[in-house]
Amino acid sequence: MADKRITEDDVVAELTDGMTIGIGGWGSRRKPMSLVRAIARSSLRDLTIVAYGGPDIGLLCALGKVRKAVYGFVSLDSIPLEPHFRLARQAGAIEAVEMDEGMLQWGLYAASLRLPFLPTRAGLGSDVFRSMPGLKTVRSPYDDGEELVAVPALPLDVALVHVHRADAAGNGQLLGPDPFFDDLFCMAAKKRFVSCEQLVETADFPKHGPLQTQRIHRAMVDGVVEAKRGAHFTSCDPDYGRDEAFQRIYAATAGDPAAFAAFKARYLDAPTHADYLKAVDER
Amino acid sequence: MSDHTLDELCAVACAEAFRGDGEILASPIGVVPSIGARLAKATFSPDLLLTDGVASLVANVMPVGVDDAPKVVEGWMPYRAIFDLVWHGRRHVMMGATQIDRYGNQNIACIGPLERPKAQLLGMRGAPGNTVCHPTSYWIPQHSTRSFVAKVDVVTGVGHDRARAAGPAATRFHALRRVVTNLAVLDFETPDGAMRLRSVHPGVGVDDVVKATGFELTIPASVPTTRAPTDEELRLLREVIDPKGLGKRELATK
C-alpha cells in the first residue's frame, strides 16, 4: 500500500487559487484546524468553502481567503454566532450560499454518487431559492407527481477532514459520538486530505475502537497528516473537548483589527502545528 | 395553586405543545423549550424521544445544564440520523425565531438583504426542511413588534402562505403547532392558517399582545388564560429538570 503521509504544507502545495474546498466536522467540532491554519498562512485566495461551518469559515473570512461560502450555518456552538463570519457577511466581503442543512448533505451525497441532483422536500417555499438563484424543482415521474427541490450536486476540488486515528495508507477511524458528514466530503472531492490525532499501524485499529468506527477507507484519501491536537481549539471528543477559553480569545478579536493582528502574529503565523501548540500552551 | 414564575409558566406552555405527540423525537432549541419537552416526557407525554444535545437518545429525564448528570442512553442519534428522521417525519421541533410573521414564516438567517445583511444570524440551519416535513413550534422569549413582523426579511421556516404557494409537496407534511412567548400562546387554528391568540399569560391583557404584534392577529371572542403549572409540575421543574434556574436566566437575558 502506498505511504500517503505528508505535512500540512504539502497539502497546501496541492491547492490553487479559486478552488472549492469542503471542510468536514460540524460548527466548532472536529475541524481540521492545522490544515485550515496552513491555508491561512499561504497566499491562497478566492476560495469557495463548503462546510457545516465554524471557525474554519470564520478564520478564512477574517484573512480574506474566501470568495464564496456554501453552508447550512456558521456557528461556534457555545458562541452561537461566528463573529468573524458575521463581519465578513455584513461587509459584503463574501458571496454566501445559504442552504438547509439537509440540502447540503444531499448536494454532497449527489456529488459522491456522481448524480446531477437529488430530490427533497427541504427548501420548498423557503428563501433557499433566493439564496441559490439557479435552484430548480423537479416533478416526480410517478403517479404522485410531487414537485420537489432538485438539490444540485456539490462537487468539491478538495476535501479536508480531521479524524481520530489513521494509518499511513489513508484508512481513518472516527472515535467520537458523531461522524458528521466527513465521508461524504471525501467522496464528493477530487483530492482528499485527512489529518489525524494519531497515526497507528493498520493492525492496531481494533485496539482503538470497534469495526464501525473505521468509517474512512484509503480509496477515499490521498494524503494523511499526523496532527496531534489538530482540531484545536474545536472539540475532538473523546480525545479532548473544545478549548472554550481559547475560542473566546479568538472570538473577541472580531472587529478589533489590532487584537486580530496580535492573535494572527502569535498563533496563526506560527510556521508549524508544533509551534502553534507551543504558543497555545504558553499563553 | 402555589406561586410560579414566568419561565415556569412558559415551560409548561412549551410542554403542552408536545402533548399527544406519542413516540417521536422532540427537538427543543433553547433552554425553556428543553425544560418544557423534558417536563412533557416526565408527565403526560412519556413516549417522547429526547437527545442529550450531542448524539445520544436519553431514556431518563435529565436536568438541563448539568453535564455530569446520570444518563441512560437508549440509542445513537448522530446528525445524519437526525436528518433522516426530519424527512421521515417522526419529529417535532421547537425553534427560535428572530422574526415571525402572520402566517408563521420564520427568519433565523439574517436581518436586511441576503446579499449583504445588516446583521448576519445563524443561517438557514434545518428550518426549511423541518417546516415542510414534520410538526414545528416556536419559542420567542421577547414578544415585540421587532420579532412579530408584517414581513420577515428572509423565509427560513416556511409559513402557511408560502407552503400553499409552493404546492402539495410542501403542504403535505407541513404542520405549525404553537408559538410560545413571554406574553401568550399562539397557534394557527384558523381557516387560512393565520396566527391566532390561543391564551394570554396571567396578568397580560389581550391589548398587550396586540400592541406587541406587528401584524393583525386573529383574536377569538374569549381568550383563556394560559394554564398555571400544577404542584407536581413545579416540583419536577424545580427539583428534577431545572435545579439551576436556567429558564429564568434565558428569559432575563433576552
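Any read-out appearing in this document is the output of simple, stated calculations on the displayed coordinates, not a laboratory observation. As the structure is a computational prediction, the values presented were derived from the model and not from experiment. Every residue, glycine among them, receives a Cβ derived from its backbone with ideal geometry; neighbour counts consider all protein chains shown.
Brief remarks on what is shown
- Flag if B:ASP153 is surrounded by fewer than 23 Cβ atoms within 10 Å (Cβ to Cβ), among the charged types (D, E, K, R) and under 29 Å from A:GLY53 (Cβ atoms): yes
- Segment A:1-51 - residue that is β-branched (Val, Ile, Thr) and assigned to a loop (DSSP other than H, G, I, E, B) and, of those, surrounded by the fewest Cβ atoms within 10 Å (Cβ to Cβ): A:THR16
- Taken together, the residues in segment A:156-185 that are part of a loop (DSSP other than H, G, I, E, B) and more than 14 Å from every other protein chain (Cβ to nearest Cβ) amount to 5.
- Output for segment A:186-207, where each listed residue is in a helix (DSSP H, G or I) and surrounded by 15 or more Cβ atoms within 10 Å (Cβ to Cβ): A:CYS186, A:MET187, A:PHE205
- So A:LEU108, is it buried (at least 18 other Cβ atoms within 10 Å of the Cβ), more than 8 Å from chain B (Cβ to nearest Cβ), touching a helix residue (DSSP H, G or I) at 6+ places or on another chain (Cβ under 6 Å) and not polar (S, T, N, Q): yes
- For segment B:156-179, a residue qualifies if it is in contact with a Ser or Thr (Cβ under 6 Å, 6 or more places away or on another chain) and among the hydrophobic types (A, V, I, L, M, F, W, C), and the qualifying residues are B:VAL158, B:ALA163, B:LEU176.
- Enumeration of residues in segment A:208-228 that are part of a helix (DSSP H, G or I) and more than 17 Å from the chain's Cα centre (by Cα): A:HIS208, A:LEU211, A:GLN212, A:THR213, A:ARG218, A:ALA219
- Checked against (1) in contact with a Lys or Arg (Cβ under 7 Å, 6 or more places away or on another chain); (2) over 26 Å from B:GLY159 (Cβ atoms); (3) without any contact (Cβ under 8 Å) to a residue 60 or more places away in the chain, B:LYS41 meets all criteria but (1).
- Filtered residues of segment A:52-69 (kept if surrounded by fewer than 23 Cβ atoms within 10 Å (Cβ to Cβ) and not small (Gly, Ala, Ser)): A:LEU63, A:LYS65, A:ARG67, A:LYS68
- Restricting attention to segment B:45-59, the residues being out of contact with any Asp or Glu (no Cβ under 9 Å at 6 or more places or on another chain) and away from chain A (no Cβ under 12 Å) number 2.
- Enumeration of residues in segment A:52-76 that are assigned to a loop (DSSP other than H, G, I, E, B) and more than 10 Å from every other protein chain (Cβ to nearest Cβ): A:GLY54, A:LEU63, A:GLY64, A:LYS65, A:LEU76
- Residue that is farthest from B:ARG164 (Cα to Cα), among those in segment A:133-153 that are more than 10 Å from chain B (Cβ to nearest Cβ) and in a loop (DSSP other than H, G, I, E, B): A:ALA153
- Among the numbered conditions (1) within 14 Å of chain B (Cβ to nearest Cβ); (2) in contact with a helix residue (DSSP H, G or I) (Cβ under 7 Å, 6 or more places away or on another chain); (3) of a type in the set (Phe, Trp, Tyr), the only one that A:PHE129 does not meet is (2).
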